[in-house]
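The values are calculated or read from the model by the stated rules, or taken from the named source; none is laboratory data. Treat the numbers as computed from the prediction; the structure is a model and nothing was measured. We place every Cβ from the backbone using ideal geometry, glycine too, and count neighbours over all the protein chains shown. Keep in mind that these areas ignore ligands, DNA and RNA; they rest on the heavy atoms of the full protein, side chains included. Shrake-Rupley method; radii C 1.70, N 1.55, O 1.52, S 1.80 Å.
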Amino acid sequence: RRVTSPDLTTDPLHVLRRVFGYDSFRGPQQDIVEHVVAGGDALVLMPTGGGKSLCYQIPALVRPGTGIVVSPLIALMQDQVDALNELGVRAGFLNSTQLPQERQRTEEAFRSGELDMLYLAPERLRLESTLRLLDQGEVALFAIDEAHCVAQWGHDFRPDYLELSVLHERFPAVPRIALTATATPATRREIADRLELTGARHFVSDFDRPNIQYRIVGKADPRKQLLRLVRDEHAGDAGIVYRLTRADVERTAEFLVANGVDAVPYHAGLDAATRAAHQARFLREDGLVVVATIAFGMGIDKPDVRFVAHLDLPKSVEGYYQETGRAGRDGLPATAWMAYGLQDVVQQRKLIDSGDGDAAHRRTQTAHLDAMLALCETVECRRVRLLAHFGQESRPCGNCDTCLAPPESWDGTVAAQKLLSAVVRLDRERNQKFGAGQIIDILRGRRTPKVEQFRHDQLSVFGVGGDMSEAEWRGVVRQLLAQGLLEVEGDYGTLVLTESSSAVLRREEPRTVRLRTEGKQAPAAKTRK
Ligand code: ADP
Ligand code: ZN
């Protein structure tokens, strides 16, 4: 029987051009495609946006039978399938959001060889009925997307992913390709082990984007800081400014326009026509700045974006990498600039606490936030840190703020002790929790109405930190958060101790806390000669 669409040839390059409309393969795509077409197993580590989908979509079209794609991103399945159908590819999906009739129709199409690709939620493969269904058709390959889910503790889909090893036992002749955008070498080994992919060839992409200069600065007046960046270094350049909320997108775009910068807003609250118009202008024009929520950028391939600016903290290092990665696709110098402050941490924390999802989900999100904070507060090369997050080792780059102006650090043990003591005393003596603002006022000995109202001037820690400015104390709080010595919780961003805090507070042999000196920023680097 004939499964692949009759008008397709078996040449991968031909399929790439005819079906997907691209001229050539990107990076390691061709090697991966050829390996899988020939029946080999593969483990693919490639950055988000690198082009993982084609690595299994093309072999699925070239090999006889249906390519089975296991993906936990149920919300995206419909879109992915629609996009493929639009290209003339016969794709379907099976997940729990479907009506029984739809499911039966898709199953029947698979049995009779009328599907090129079938997307499955991982939990479906735990059902014997799904495995029986697969027996009744012809399977071209198994693609396992987001394969790191099998390895990482706390991943929502882990139990389902662990079951995927049965695929190999039940369908030993079918090639499997596991894909992920994030995996340390240890995780990679675990993926290979758990999925019984021990013989698979590993295709590991280089995550480095050497032409991007990474800079992360303290947030003071973010819109003015942004304006300075644009005026001093990127006048007339195309750029993307990311903001968390729609309201901030609007306000920031208006601010830029009022200051003579050609800028437009982009977020999901705008009507489709406006969004399309702004996107089209961005692609067509040389020097437009788009201020956007992360809804902007998916599938946008503009080579000459000269800067990406974040005025709010991204939720994860993966997100940061993906968003900054839209800068400098042409290989010419580009800037990834971010302003971040304590309030960002409080805001993200609040989003995590108030979001839906279970405890495991919140733990994962917290781990993401912690990794992002560690990147913000590092005194090491930003790039070394960033690449290490994806399991890639590198040397200090010379093209990031910490390399260009190495931050000075100081022994902040005593300052940390003062701050943590204030948190302890409020808790023990008053049974109270407060946010950073109040705690800093107490340390600095400020008799504000709120300090007087709560009689915090009578605490023994009142005024012990008068030698440091408000901004310096905020820096201490941020860094203690990043080092896991302090946590922020609840709607009001109250500060609480962690298990590690006691090591710092100990009377004898306290843990030394090194902090970077605030206020030192990389000089506005010349990104163009
Ligand atoms: P990933 O899954 O790795 O995040 P995608 O598969 O979604 O990445 O691809 C990212 C973008 O790059 C998509 O818009 C895709 O169409 C585009 N793309 C992928 N491969 C190529 C190629 N060889 N030529 C041009 N564009 C490509
Ligand atoms: Zn560096």
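When only residues in region 214-256 that are open to solvent by 10 Å² or more (accessible area, probe 1.4 Å) and among the polar types (S, T, N, Q) count, which is farthest from ligand 1 (Cβ to nearest atom)? Ranking the qualifying residues of region 214-256, first place goes to Gln225. Exactly one residue among Asp330, Asp411, Asp356, Asp370 is more than 16 Å from ligand 2 (Cβ to nearest atom), without any contact (Cβ under 8 Å) to a residue 40 or more places away in the chain, among the acidic types (Asp, Glu) and more than 29 Å from Arg228 (Cβ to Cβ), and that residue is Asp356. So is Gly39 closer than 20 Å to Leu197 by Cβ and either touching a helix residue (DSSP H, G or I) at 6+ places or on another chain (Cβ under 8 Å) or part of a loop (DSSP other than H, G, I, E, B) (or both) or not? Yes: the conditions hold for Gly39.
Considering only residues in region 22-53 that are of a type in the set (D, E, K, R) and buried (at least 20 other Cβ atoms within 10 Å of the Cβ), the one that is farthest from ligand 2 (Cβ to nearest atom) turns out to be Asp41.
Report whether or not Asp206 is under 21 Å from the mean Cα position of the chain (by Cα) and assigned to a loop (DSSP other than H, G, I, E, B). It is true that Asp206 is under 21 Å from the mean Cα position of the chain (by Cα) and assigned to a loop (DSSP other than H, G, I, E, B). Residues in region 54-84 that are over 23 Å from the mean Cα position of the chain (by Cα), modelled with pLDDT of 95 or more, open to solvent by 10 Å² or more (accessible area, probe 1.4 Å) and within 16 Å of ligand 1 (Cβ to nearest atom): 2 in all. Looking only at region 333-343, decide whether some residue is open to solvent by 30 Å² or more (accessible area, probe 1.4 Å) and within 12 Å of Leu313 (Cβ to Cβ). Checking region 333-343: at least one residue is open to solvent by 30 Å² or more (accessible area, probe 1.4 Å) and within 12 Å of Leu313 (Cβ to Cβ). Among the residues of region 384-400, those identified as open to solvent by 10 Å² or more (accessible area, probe 1.4 Å) and near ligand 2 (Cβ under 8 Å from one of its atoms) are Val384, Pro396, Cys397, Gly398, Asn399. Restricted to region 46-138, the set of helices (runs of 4 or more DSSP H) holding at least 1 residues that are in contact with a helix residue (DSSP H, G or I) (Cβ under 7 Å, 6 or more places away or on another chain) and under 30 Å from Gly319 (Cα atoms) comprises 52-62.
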